[in-house]
Amino acid sequence: SQQGEEDPQALSIQEGENATMNCSYKTSINNLQWYRQNSGRGLVHLILIRSNEREKHSGRLRVTLDTSKKSSSLLITASRAADTASYFCATVMSGAGSYQLTFGKGTKLSVIP
Amino acid sequence: DSGVTQTPKHLITATGQRVTLRCSPRSGDLSVYWYQQSLDQGLQFLIQYYNGEERAKGNILERFSAQQFPDLHSELNLSSLELGDSALYFCASSVTGGFNQPQHFGDGTRLSIL
């Protein structure tokens, strides 16, 4: 079952623009992670934000977390054609006996040169 | 390159058959995870191992089994295959399987059932 749901399902922007993807989840979490998947490849870990953090940056990536709304957003600034990929949020639920990731269905980002 | 190696990259077989997917985790990682990715179900967690022991089970069918060997590589066995088992199967690894550790994914095995 999906814990996280990304929005939008697909996003098309011009190179240089910013891209914002949102993720909502249902239950309390330990942390939320964002992953990127290029077509036909494995997932690449981008950033992890803990439940007691509100914002985190990594290069051109900015992630926010609002636990009261059970939502997160991923902002990619100054997008490049190489950012074209699917982006997934994944949660680790709190209180779970193990720490597997529960993924959303992803946002497909297309950056047009 | 994530450091996680999965073989084979592609597998084509028929219904009713059995296959074995192999995963070598990143050097130093003790925990291995298996995921199934399909168009309709998305990415589903199947099973996790830590240092040879099963740690967690997700949506894994009884026809599927896995193990992690003393050298830490892992195998996922799929038997009595059905058309619906066609999917991408990913292995991921992390250092100890702790909840604040990122997971590192291989490039997957694409399984096609004819």
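The values are calculated or read from the model by the stated rules, or taken from the named source; none is laboratory data. In this text, all values refer to a predicted model and were calculated from it rather than measured experimentally. Don't worry about glycine lacking a Cβ; one is built from the backbone with ideal geometry, like all the others, and counts go over all protein chains shown. Quick note on the areas: whole protein, heavy atoms, side chains included, nothing else; ligands and nucleic acids left out. Shrake-Rupley method; radii C 1.70, N 1.55, O 1.52, S 1.80 Å.
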With respect to A:Thr20, is the statement that it is over 10 Å from the mean Cα position of the chain (by Cα), among the β-branched types (Val, Ile, Thr) and more than 10 Å from chain B (Cβ to nearest Cβ) true? no
Kindly indicate whether any position in the range B:40-51 is under 10 Å from the mean Cα position of the chain (by Cα), surrounded by 15 or more Cβ atoms within 10 Å (Cβ to Cβ) and more than 23 Å from B:Ser112 (Cα to Cα). yes
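A quick yes/no check of all residues on (1) away from chain B (no Cβ under 14 Å); (2) open to solvent by 40 Å² or more (accessible area, probe 1.4 Å); (3) out of contact with any Asp or Glu (no Cβ under 8 Å at 6 or more places or on another chain):
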residue	(1), (2), (3)
A:Val44	no, yes, yes
A:Asn52	no, yes, yes
A:Leu61	no, no, yes
A:Leu74	yes, no, yes
A:Ala82	yes, yes, yes
A:Ala85	no, no, yes
If the Cβ limit is 7 Å and pairs must be 6+ apart or interchain, which residue in the range A:89-113 that is over 19 Å from B:Ser93 (Cα atoms) and among the charged types (D, E, K, R) pairs with which residue that is at pLDDT 90 or above and open to solvent by 40 Å² or more (accessible area, probe 1.4 Å)? A:Lys108/A:Gln9; A:Lys108/A:Ala10
Residues of the range B:67-114 being open to solvent by less than 20 Å² (accessible area, probe 1.4 Å), within 14 Å of chain A (Cβ to nearest Cβ) and closer than 11 Å to B:Tyr33 by Cα, in sequence order, are B:Tyr89, B:Phe90, B:Cys91, B:Ala92, B:Ser93, B:Ser94, B:Gly97, B:Gln103, B:Phe105, B:Gly106
Pick from the range B:88-109 the residues that are under 11 Å from the mean Cα position of the chain (by Cα) and assigned to a strand (DSSP E or B): which of them is nearest to A:Leu43 (Cα to Cα)? B:Phe105
